[in-house]
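Enquirer: Before I ask anything, here is the structure I am working with.
The values are calculated or read from the model by the stated rules, or taken from the named source; none is laboratory data. Everything numeric in this text was worked out from a predicted model, so none of it was measured. Glycine also receives a Cβ, built like all others from the backbone with ideal geometry; neighbour counts cover every protein chain displayed. These area figures cover heavy atoms from the full protein model, side chains too; ligands, DNA and RNA do not enter into them. Shrake-Rupley method; radii C 1.70, N 1.55, O 1.52, S 1.80 Å.
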Amino acid sequence: MSTFQQTTPFDMKAGIIVGLVALVSMGMAGLLLISPILAAGFFIVTMSAALMWRSVNVATYLVFFCVYSNLAAVAVRFHGVPGIAAHAVVGLLMIPLLYFIVLRRQPIILGRSFVWIALLTLSQFLGALFAEQPQLAWAEFNSFLLEGLLLYLLVVNVIREETTLRNVTWSLLAAGLIMGGVPLLQQLSGTFENNYGGLAQTGDEPGFTTDDDEVEQMRLSGPIGEKNRYAQIMLMLVPLALFRIRDERGLLRLLATIALLCAVAGVFLAFSRSTILCAGFIIVLAAIFRHVNRFKVAVVGALLFAGLMATPQYRTRLSSLLDLKSLLTSGKHSEADGALKGRATEMGAALLVFRDHPLIGVGPGQFKYYSQEYGERIGIRALDPERQAHCLPLDVAAENGLLGLTGLLGLFITLGVGLYRQSEQESGDLSGLKMAVFYMLLVYGITGLFLHFAYIRYFWLMVGIAEASLRIKSLKPAKDNMPISNSLKLQCQGN
């Protein structure tokens, strides 16, 4: 009798798994000798590939986590990772995209808001075509196509069911845990000189002192590196966390609560005056429409007021807003806060540029080359060269004209009205998800009144989520969790 025994499929599968584990272990051991960061990256990539083989949606969740937390950019800037890696992360969305379109033969989605996006794209194209500095304008337009239009199309086409939308929300909240948690640790420990590997940046600007000069405070910017933008991005996570707290149970509700605390910490530690005011306005609006409990809002308001009285840093920052009265009073501009005078001048300059170039503006990314000249006509404050508009509608109006402004406003109105109506009609978890995305959109829109069109990947990521949320209602649930290997087998059998 032969001593050799026939190998079973199970034995072959186990052998392959053991071999792969051995290869991964040897690879990690070798990289550990070179760089622990490379070893950790290799391990993460390997584990992600294994999970993606089981479910294509893992690629979607990984991309949302990495893009929102800005980890790819941090890796490039602080850890010597090649710049192509940041683009490769977004490229992972091609895996679920091809799965849905090629293997499952589902249609490509453009969305109801695409007509407004096309109008905004057209305004960018025409503006670049007639810009005084065409080379710079075309570079901005290419960035718009890659970080804007392409990202939107990928996001819309990979979020196709309620489960995926819910898990995408959790991916963003997981990013918020790092984005808010590490800067909170930095604040509590007072280690402002340590950027924690790029996850807790403070930028080149000096901190500020309180009125009595007893407390010196740095403005934190997390992994983003820009204070006001960091505050905006963290505030967008607050409604996502609040609705998860409402609709989840047990451990997930606890995790959502922790994510909420980290998001709020990020908002406060940026010490952004405009973002704090926007947060208060949105809370009051949510109470008026009964999306949050009014009594709880009153309690939270009282606690915030008490915290403000106990925090000299915030009293100093917010007290400067009283200078708005001086700014609006004729002949008393010199008494106003310097930052407020600068913002007013920049916004006024953008309005004048729009007046002189009403149809297609001066071209994408071109306003900063006009701001100093037009700012002199305002007469409030002399601007440094290449200042931005610091107001999303005015920035788009100056650079893209009436054509682009129409596209932007149409996009916000279409998505906002659609999400609000559907969330009122839906029930259960889906209603909460859509209402959370609605408030996320509202946060970006209101804070955008004080911020120009930069870090556009966050804008298009949000727009893609909003558009995908509108379509989920009419789609049949897809078996997203089917392993790729099984899908390939079914495809081969069908052929």
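Enquirer: Just read off the accessible area of LYS227 with the full protein assembly in place, 1.4 Å probe, to the nearest 10 Å².
Expert: Around 10 Å² of this residue is reachable by solvent.
Enquirer: Taking a quarter of the surface of the convex hull around the Cα atoms of segment 106-193, what do you get in nm²? Before the final figure, lay out each step's value.
Expert: Working: hull surface 38.3 nm².
Its Cα hull, projected and averaged over all orientations, spans 9.6 nm².
Enquirer: Also, I was wondering about something else. Taking 0.36 nm per residue of separation and subtracting the Cα-Cα distance, what length does fully extending LEU285 through LEU449 add?
Expert: Values: separation 164, 0.36 × 164 = 59.04 nm, distance 1.69 nm.
Extra length available between LEU285 and LEU449 comes to 57.4 nm.
Enquirer: While we're here: Can you compute the FRET efficiency between ASN142 and LEU277 using 1/(1 + (r/R0)^6), with r the Cβ-Cβ distance and R0 = 35 Å? Round to the nearest 0.05.
Expert: Values: r = 35 Å, r/R0 = 1.01.
The calculated FRET efficiency here is 0.50.
Enquirer: If you keep only loop residues by DSSP, which trypsin sites (Lys or Arg not before Pro) in segment 86-191 have at most 11 other Cβ atoms within 10 Å of their Cβ?
Expert: Details: sites: ARG104, ARG105, ARG112, ARG160, ARG166; in loops: ARG104, ARG105, ARG112, ARG160.
Counting only loop positions with at most 11 other Cβ atoms within 10 Å, the trypsin sites (Lys or Arg not before Pro) in segment 86-191 are ARG105.
Enquirer: A further question on this structure: Once label points are set 7 Å from the Cα along Cα→Cβ at both PHE130 and LEU103, what is their separation, rounded to one decimal in nm?
Expert: With each label point 7 Å from Cα toward Cβ, the separation is 4.9 nm.
Enquirer: Express in nm, to one decimal, how much length is gained between ALA298 and ALA118 on full extension, taking 0.36 nm for each residue of separation and deducting their alpha carbon distance. The partial results should precede the final answer.
Expert: Details: separation 180, 0.36 × 180 = 64.80 nm, distance 4.31 nm.
Taking ALA298 through ALA118 to full extension adds about 60.5 nm, to one decimal.
Enquirer: Compute, for HIS452, the solvent-accessible surface of its heavy atoms (probe 1.4 Å) with the complete set of protein chains present, and express it in square angstrom to the nearest 10.
Expert: Its heavy atoms expose roughly 30 Å² to the probe.
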